[in-house]
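Take a look at the structure set out below.
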2 protein chains.
Amino acid sequence: MNFTQLVQQRQSCRSFDSTRGVEEEKLAAILNTARLSPSACNAQPYHFSVCRGETARQVAQTTMTMGKNPFAADVPVMLVISEMPYSERAAAGSKTMGNDYRSMDIGIAAAHIILEATNQGLGSCMLGWFDDQKIRTICNLDGAVRLVIAIGYAKESDPLRPKMRKELTELVSQF
Amino acid sequence: MNFTQLVQQRQSCRSFDSTRGVEEEKLAAILNTARLSPSACNAQPYHFSVCRGETARQVAQTTMTMGKNPFAADVPVMLVISEMPYSERAAAGSKTMGNDYRSMDIGIAAAHIILEATNQGLGSCMLGWFDDQKIRTICNLDGAVRLVIAIGYAKESDPLRPKMRKELTELVSQF
């Protein structure tokens with residue numbers, strides 16, 4: 001699968017096969033790819049907590065309040081991304097520029113994770129709805145939780161959907 | 001080139017060949033990939049300004065203050081990512097969660113851009129040092145500039161460098 005196909009194949013999976021776990025070598029490949037992500041000043045201001053089994057279910061519960069993400073109960077692996085302190089140089093740059101580089105860095109790493117998951121034949125879904133405090137307790141984290149990524153095999157019935165996106169004419173200006 | 005090789009090959013290029021422009025079909029491939037990026041609530045809260053020639057040089061000048069990024073003068077294409085208003089749903093979620101999803105979304109799109117640039121045989125470098133106000137004027141933008149990505153051919157003498165990263169034992173907790 002070339003990169004263009006990979007990007008086309010990647011979609012948010014909301015229908016996981018609860019009977020299939022994720023092979024450890026596939027998780028290792030995902031974490032290795034996440035590790036190679038670039039970040040501002042190479043600060044790598046994030047931490048990855050890989051939650052399986054009962055821990056995954058506890059994390060999932062915090063993403064399911066107010067009727068959200070009912071599929072999360074079936075997800076075998078929840079990858080929690082929390083933030084770590086900036087390097088001094090990145091912190092100074094962020095303050096000077098009024099720019100949240102740490103959240104951008106977390107986005108860059110998340111993109112690497114979901115693309116590698118797709119590359120490994122896995123489904124994934126980035127979840128922005130969760131209980132920060134509860135997950136910090138579950139995963140023994142000091143830094144704020146910024147994103148939870150559900151990872152597992154999609155149900156076979158989960159088809160590739162067309163991607164609904166703005167047109168390039170709206171998204172892009174040319175100079 | 002498979003995805004693992006692509007991630008290994010991608011590195012920040014700080015030595016561009018000023019004599020080679022970027023083919024329009026390669027820029028189109030990069031923009032198409034950026035367009036397919038996922039974002040919170042599919043809000044796509046970003047705008048891409050593709051700057052060539054004199055406009056690229058003007059943008060580059062704003063990244064070179066205080067002795068930074070001297071290589072930027074040689075870059076044929078500067079891709080400016082600015083933010084667009086959130087969708088109401090994403091804005092509400094961001095406020096409730098205290099989470100900067102828009103910066104994460106921009107990071108996700110930036111990762112797609114630099115990986116597609118690598119896939120097209122191009123060098124790229126994400127620049128977080130720039131003059132927001134000047135670029136808004138140059139590119140006629142309302143939204144804040146969050147990232148500038150330099151794109152072009154690397155000089156042939158630019159070797160693949162080893163990636164300096166934290167060890168997995170530091171980056172990852174397993175549950």
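The values are calculated or read from the model by the stated rules, or taken from the named source; none is laboratory data. Everything quoted here is computed from the prediction, not taken from an experiment. Neighbour counts are summed over all protein chains in view; Cβ atoms, including those assigned to glycine, are modelled from backbone coordinates with ideal geometry.
Observations, loosely collected:
- Within segment A:75-86, considering residues that are assigned to a loop (DSSP other than H, G, I, E, B) and touching a Gly at 6+ places or on another chain (Cβ under 6 Å), the one surrounded by the fewest Cβ atoms within 10 Å (Cβ to Cβ): A:84
- Residues satisfying the stated conditions in segment A:1-10, i.e. touching a residue at least 60 places away in the same chain (Cβ under 8 Å) and either surrounded by 19 or more Cβ atoms within 10 Å (Cβ to Cβ) or touching a Lys or Arg at 6+ places or on another chain (Cβ under 6 Å) (or both): A:6, A:7, A:10
- Any hit, segment A:121-135, residues being out of contact with any Pro (no Cβ under 6 Å at 6 or more places or on another chain), part of a helix (DSSP H, G or I) and facing another protein chain (nearest Cβ under 10 Å): yes
- For segment B:11-27, the set of residues classified as among the polar types (S, T, N, Q) and exposed (fewer than 13 other Cβ atoms within 10 Å of the Cβ) consists of B:19 only.
- Selection within segment A:147-175 - within 20 Å of residue A:52 (Cα to Cα) and in contact with a Phe, Trp or Tyr (Cβ under 8 Å, 6 or more places away or on another chain): A:148, A:150, A:152, A:153, A:154, A:155
- Just one of the listed residues (B:146, B:102) is modelled with pLDDT of 90 or more and assigned to a helix (DSSP H, G or I), and it is B:102.
- Residue list for segment A:10-41, restricted to those being at pLDDT below 95 and assigned to a helix (DSSP H, G or I): A:40, A:41
Each row is one residue, and each column tells you yes or no for (1) within 7 Å of chain A (Cβ to nearest Cβ); (2) of a type in the set (S, T, N, Q); (3) at negative phi.
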{"site": "B:2", "(1), (2), (3)": "no, yes, yes"}
{"site": "B:6", "(1), (2), (3)": "yes, no, yes"}
{"site": "B:9", "(1), (2), (3)": "no, yes, yes"}
{"site": "B:15", "(1), (2), (3)": "no, yes, yes"}
{"site": "B:18", "(1), (2), (3)": "no, yes, yes"}
{"site": "B:33", "(1), (2), (3)": "yes, yes, yes"}
{"site": "B:36", "(1), (2), (3)": "yes, no, yes"}
{"site": "B:40", "(1), (2), (3)": "yes, no, yes"}
{"site": "B:47", "(1), (2), (3)": "yes, no, yes"}
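- Among the residues of segment B:87-99, those that are polar (S, T, N, Q) and part of a helix (DSSP H, G or I) comprise B:94, B:96.
- Every condition in (1) assigned to a loop (DSSP other than H, G, I, E, B); (2) within 17 Å of the chain's Cα centre (by Cα) is met by residue B:110 except one, and the failing one is (1).
- In segment A:51-74, the residues that are part of a loop (DSSP other than H, G, I, E, B) form Cβ pairs under 8 Å with partners that are among the hydroxyl-bearing types (Ser, Thr, Tyr), at six or more places apart or across chains, as follows: A:69/A:63.
- Flag if residue B:151 is at the interface with chain A (Cβ under 8 Å from one of its Cβ atoms) and crowded, with 20+ Cβ neighbours inside 10 Å: no
- Residues of segment B:79-120 satisfying the condition of being within 7 Å of chain A (Cβ to nearest Cβ), over 18 Å from residue B:35 (Cβ atoms) and without any contact (Cβ under 8 Å) to a residue 40 or more places away in the chain: B:97, B:99, B:100
- Looking only at segment A:37-64, and only at residues there that are within 12 Å of residue A:105 (Cα to Cα) and among the hydrophobic types (A, V, I, L, M, F, W, C), the one that is surrounded by the most Cβ atoms within 10 Å (Cβ to Cβ): A:40
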